[in-house]
Amino acid sequence: MSAFSVSSSSGAMVQPCEPTPSGDLNLSVIDKVPELRFKVRLLYVFKEGNEKSVEIIRRALSKALVPYYPLAGRLQETSGGQLHVSCSGEGVWFVEAYADSTLADVNYIDDAPLNLQEKLLPNSIPVLKGQDPVVLMQVTSFKCGGFVIGVIFPHSISDGTGISQFLNTVGEFARGLEHPSVEPVWFRDEIPTPSPLRLPKAPPPVLIPHYELKYAPFDFSRHQIDRLKREFTLCKWKSLLNL
């Protein structure tokens, strides 16, 4: 694989192209699990494009953020440590980048090392009002005309299937469709919060007798050890032969 370098813009916020609902949206009990508060990084490779691909994607992203308006908001944490989405419409962080190679030069990102993958993901992340954007996107154009879309998002707000559906909507708007083929629905409140687990009262602890242990060394001669080995071997064979 040849040397690989990427130059990128400073990045900008892409907001919904129309006014969107405001307010807070609750997350489900599953989304609030602390172990799911990690960032997911995905790369999507497209072998063909043109010089207008980045701008087309930018405009399509702005349209897609209207039905997917929660992704243009911010994750916030209450004083009790609970997460919710503030639908502020502040937008998605968008970076435009250029690679000095063709996709074939980097084997279409198949089995690409981590340091190469990191160059295709948005790294210059701003913090506004103490809150990171929910979704970050970088579109990297290659010399062959193809491009790679790198996306970073928190698993608390979407899984891989959900973000793929969002990107599919971006693609539909980029192709000129007026409406997404799948309308997103915020269904988190329908996932019931389980009642606190009630365990039966634990039985009283078992009292373990206290034993006084004393140190006592024993010396065995080689002759005694050999005799014990012979006796053990004899007993083992008698047991196996049922004698």
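The values are calculated or read from the model by the stated rules, or taken from the named source; none is laboratory data. The model shown is predicted, which means the values in this text are computed figures rather than measured ones. Every residue, glycine as well, gets a Cβ built from its backbone with ideal geometry; the counts of neighbours run over all protein chains shown.
List of remarks:
- Qualifying positions in segment 117-145 - farther than 26 Å from Leu71 by Cβ and either modelled with pLDDT under 90 or surrounded by fewer than 15 Cβ atoms within 10 Å (Cβ to Cβ) (or both): Lys143
- Only residues that are more than 24 Å from the chain's Cα centre (by Cα) and hydrophobic (A, V, I, L, M, F, W, C) were counted across segment 13-44, and they come to 1.
- Taking the criterion of being farther than 21 Å from Ile57 by Cα, at pLDDT 90 or above and assigned to a loop (DSSP other than H, G, I, E, B), the residues of segment 70-100 that qualify are Cys87, Ser88.
- Within segment 5-37, the only residue that satisfies the criterion of being surrounded by 15 or more Cβ atoms within 10 Å (Cβ to Cβ), more than 30 Å from Val148 (Cα to Cα) and out of contact with any helix residue (DSSP H, G or I) (no Cβ under 8 Å at 6 or more places or on another chain) is Lys32.
- Looking across segment 167-197, the residues that are in contact with a Ser or Thr (Cβ under 7 Å, 6 or more places away or on another chain) and either modelled with pLDDT of 90 or more or farther than 20 Å from Gly73 by Cβ (or both) come down to Glu172, Pro180.
- Just one residue in the set Val206, Val170 is closer than 30 Å to Pro133 by Cβ, out of contact with any Cys (no Cβ under 9 Å at 6 or more places or on another chain) and not polar (S, T, N, Q); that residue is Val170.
- Condition check for Lys47: surrounded by fewer than 18 Cβ atoms within 10 Å (Cβ to Cβ), basic (Lys, Arg), more than 19 Å from the chain's Cα centre (by Cα) and closer than 12 Å to Val148 by Cα: yes
- Inclusion of Ser101 among residues that are under 22 Å from Pro16 (Cα atoms), surrounded by 15 or more Cβ atoms within 10 Å (Cβ to Cβ) and of a type in the set (S, T, N, Q) is not warranted.
- Scan of segment 1-46 for residues that are out of contact with any His (no Cβ under 9 Å at 6 or more places or on another chain), assigned to a loop (DSSP other than H, G, I, E, B) and within 27 Å of Ala112 (Cβ to Cβ), ordered by number: Met1, Ser2, Ala3, Phe4, Ser5, Ser9, Ser10, Gly11
- Checking Arg59 against (1) surrounded by fewer than 20 Cβ atoms within 10 Å (Cβ to Cβ); (2) modelled with pLDDT under 95, the condition it does not meet: (2)
- When the residues of segment 211-238 are filtered to those that are assigned to a loop (DSSP other than H, G, I, E, B) and at pLDDT 80 or above, the one that is surrounded by the fewest Cβ atoms within 10 Å (Cβ to Cβ) is Glu212.
- Selection within segment 1-47 - at pLDDT 90 or above, farther than 26 Å from His84 by Cα and aliphatic (A, V, I, L, M): Val6, Leu43, Val45
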